[in-house]
Each structure stands twice: as C-alpha cells, then as structure tokens.
Amino acid sequence: MRETASYGGEESKLGGKKGERRRDGERTGGGGFTTSSSWQWSSPTPGAHSNANETTPLNPSTTAPPPPLPPTSPLLTSLSWRPVEKSQTTVEVLDLKTLKKLVLAFERRLRDNIEARLKYPDQPDKFADSEIELHDEIQRLKTLAGGPELYPDLVNLNVIPSILGLLSHDNSDIAVDVVGLLQDLTDEDVLEDNDEPARVLVDALIENNVLELLVQNLTRLSESDPDEMAAVYATLSTLENLIEVKPAVAEMVCERTKLMRWLLGKIKNSAANQRRLGQMNGVDVVLQAVAMYKSRDPKTADEEEMVENLFDCLCCLLMPLENKERFVRAEGVELMIIIMKQKKLAYGSAIRALDFAMTKYPPACERFVDVLGLKTAFAAFMVVVIDMGSLGL
C-alpha cells in the first residue's frame, strides 16, 4: 500500500511531486532532492486532545501559519543561526622538518637580496622588495627560540655564517633584525635546562666571529633612532647571555673587540653616565679587573690595550666627587700603590689613577699619606745619577 499526504487538496504520488513521502521515510522534492528525516505533517484537532497515534493532514486553508519572528527576537538571538567561524590559524610543529623549511626559505631570500643588490647597486627601489622579504624570514627564524633542542641541528645546517654575515649588511635595519634574533636565541630563559644545545650554539657563534661583528655593528648605531637604540641594548644583552653560557667570553670580548673603547666613549662623554656607573658599583668592578695585573704583565698586544682601556675607564669614573669617595672606600689607593711597587706595565697607569682620585678630594690625599704612599711616589721620581768619571770615561 502506498501512503499519500494531502497538501492544499493535491495528492502527492510517488513520482517526484512536491511533498511526497516514501515508506522508508525518505522524501523527495520537486527537484529530486531527498532527505532521510522521518516526519509527518500534522496538527492537533481543534478542541480535542491530541493522540500520539493520530495525525491530521495539514491544510493551509484551515490552519494559519505561525507569524514570523522579528529579527531582534530573543529566540532568534539565542539560537545558533549565525555562521560558525573557523580558525584560520594553523600551529606548525617545531621539529627538524620545520627547521629545514625555515632555513631553506631564509637562504633563498638572502640569495635573492644579494643578487638584486649586485644587479642594481645604484637603484634601491629594485632591491627594496627583496630586503622586505629577507626581513620577514629573519623574523620567522625567531620561532626557533621555542625549540632550543634543535640548536645543534641549526648549527649542522651551516646557516650560522649566513646569519652573522648580515650584521655587516649595508642596510642597518637588517643588521638590527639579526641582533634581535641573536638576543632571542640566546635568551637566558630559553637556554635554561638546555646546557648542551646552548654550548653548541655559543661555540658556533664565537667560531664565526659573533663578538667582533656585534661590536663592529655598535659603532654605526645611532642613539637618536629608537630602533637602533633598542639594538644597542639587545647587543649588550646578547653579549651578557653568551657570557652566562661560557664565562670565558668575558675575556674574549675585551681582547678581540673594541667594546671597552666604545664603553669608555659613552662614559667619558657623559657625567650622568659616570655617576650612574658609580651607583651600579662600577668603581669596585673596575678595581677588581685591574687588580689582576698588579703583579703580572699582559701577554698579548690586545690584552695590553684592554688594560689601558680599563685604567682609562677608571680615570673617567673618578671625575665625579661621589666616585672618588667610593674609590677610597674600596681601598683603591692601596691597590694603586701596590701596582706601583711591582713596577709592571700598569705602573704609569696607577700613578694617573691616583692623580684623578686625589685631585680636589682631601680624604684621598690623607689616605695616600697614611699608607706610606709618599715613599713609593718619591722612589718613582728618583733618578739614578751615574758618575761617568768613576767609570773612567
């Protein structure tokens, strides 16, 4: 037997007409669209109790449709009528495969930039786009800070020389990007509990002259530019991070680079910096540094220059009155006298430091006399006169 449903007096048959029902619960529309939902058109008989087993055909001529809900109806608002927005953000797992993709993309952009600069050296508009793309790739490399365990693989991919080479890029903005990248990769929080990968990365950086390149880049950064001033801070922070991983870097950076001279220039040209450094216990720190050479001479020319820079820094620090007081309190007068007695290379520098400390500061002069400094000073100025006649000449 075939079921039919009455709609407006028209009987729908199993031929595809509107509102047709099949025995298996499928319904076809006029266009052949089928739906598997099982339903009945029915309405309760007016004035009678509805029976679950009884149905009455829905007749539009006798049953008025419900009024449409207004657009601002709370019911419409509460229902999920709005389309669901799917997140377009995809999180990529940071593994060796991702690392290789990042490095490959970086190397490709670097090559494109080099070729564009060589082809159009006097037309910046021709290579500007390649430098923007290179900037973007450097920013993407910062994600590697999230996986320090991949640092040995990063070194093995031989990309460190390419990254550090950009510290000498003609565009200082690219160099600033690299400084930011190095700061992120060597951040203390990132390297925590990753001692071995950290050492591998730091060794590779030092082997590829990161110290020299960082300090060299410092000299072209302007303090009037906020971005470049931030790069100065990032450079010093990176050096500090390298020292945390490998303490020997502290000596390397002073011996191999002009960092001390650069710092000296910042101190010498600013009384405010002199006072600020004194407040940061700078006088005591510099005294500890020069104390290493109270009984020995520097072994190399670079180390000798470093010692001279240390004493220059000490003399600059001793210009403000409050730093002279710190010098006396830290027994700097006694240390300079000991250096003078040893008559090593720092002999003359110690005399100069005492001169700065005692100028217009009587307490330093009193301390110098109390510790028998005059005896050492007189010996320094004594000249041995040789009687040529006694030698038969």
**OP:** Quick one: accessible surface of Asp370, probe radius 1.4 Å, all protein chains present, in square angstrom to the nearest 10.
**Re:** 120 Å²
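Can you tell me what the convex hull of the Cα atoms of the range 292-392 projects to on average, as an area in nm²?
Values: hull surface 33.3 nm².
For the range 292-392, averaging the hull's shadow over all directions gives 8.3 nm².
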Original post:
In nm, to one decimal, how far is the modelled label at Lys126 from the one at Asp95, with both set 7 Å along Cα→Cβ?
Top reply: 4.4 nm
**OP:** Would you mind computing Rg(Cα) / (2.2 N^0.38 Å) for the range 188-340, counting N as its residues?
**Re:** 1.13
Original post:
Any idea of Ser224's accessible area? Nearest 10 Å², probe 1.4 Å.
Top reply: 100 Å²
Subject >> Probe 1.4 Å, all protein chains present, accessible-area order of Met382, Met229, largest first >> reply: Met382, Met229
Subject >> Charged-residue dipole, Cβ positions (Lys, Arg, Asp, Glu), the range 93-256 about Cα centre, Debye nearest 20 >> reply: 700 debye
Original post:
Around Tyr347, what is the net charge, scoring Lys/Arg as +1 and Asp/Glu as -1 over all other residues with Cβ under 12 Å from its Cβ?
Top reply: +4
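Ordering Lys375, Lys268, Lys344, Lys360 by how much accessible area each has at a 1.4 Å probe, largest first, what is the list?
Numbers: Lys375 160, Lys268 115, Lys344 75, Lys360 185 Å².
The ranking, largest first, comes out as Lys360, Lys375, Lys268, Lys344.
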**OP:** Rounded to the nearest 0.05, what FRET efficiency do Ala250 and Asn156 give with R0 = 30 Å and r taken as the Cβ-Cβ distance? Could you check?
**Re:** 0.60
Original post:
Roughly how many Å² of Glu244 are accessible to a 1.4 Å probe, to the nearest 10?
Top reply: 120 Å²
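Using just the Cα positions, wrap the range 93-256 in a convex hull and report its mean projected area in square nanometres, one decimal place.
Values: hull surface 38.8 nm².
Dividing the Cα hull surface by four gives the mean projection, 9.7 nm².
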Subject >> Surrounding net charge for Leu166, when Lys and Arg each add one and Asp and Glu each subtract one, Cβ distance under 13 Å >> reply: -3
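If you place +1 on the Cβ of every Lys and Arg, -1 on the Cβ of every Asp and Glu, and leave all else neutral, what size is the dipole of the range 203-302 about its Cα centre, to the nearest 20 Debye? Mind showing how you got there, number by number?
Values: 12 positive and 14 negative charges, 112 e Å.
Dipole size: approximately 540 debye.
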Original post:
Any idea which of Ser168, Leu181, Leu211 is furthest toward the positive side of the dipole for the range 165-218, if Lys and Arg beta-carbons carry +1 and Asp and Glu beta-carbons -1?
Top reply: Ser168
Original post:
With every protein chain kept in the model, how would you rank Thr376, Thr143 by accessible area, 1.4 Å probe, largest at the top?
Top reply: Thr143, Thr376
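The values are calculated or read from the model by the stated rules, or taken from the named source; none is laboratory data. It should be emphasised that the depicted structure is a prediction, and the values quoted were computed from it without experimental measurement. As a convention, Cβ positions derive from the backbone with ideal geometry for all residues, glycine included, and neighbour counts pool all protein chains shown. Just so you know, the surface numbers come from the protein's heavy atoms only, side chains and all, with ligands and any DNA or RNA stripped out. Shrake-Rupley method; radii C 1.70, N 1.55, O 1.52, S 1.80 Å.
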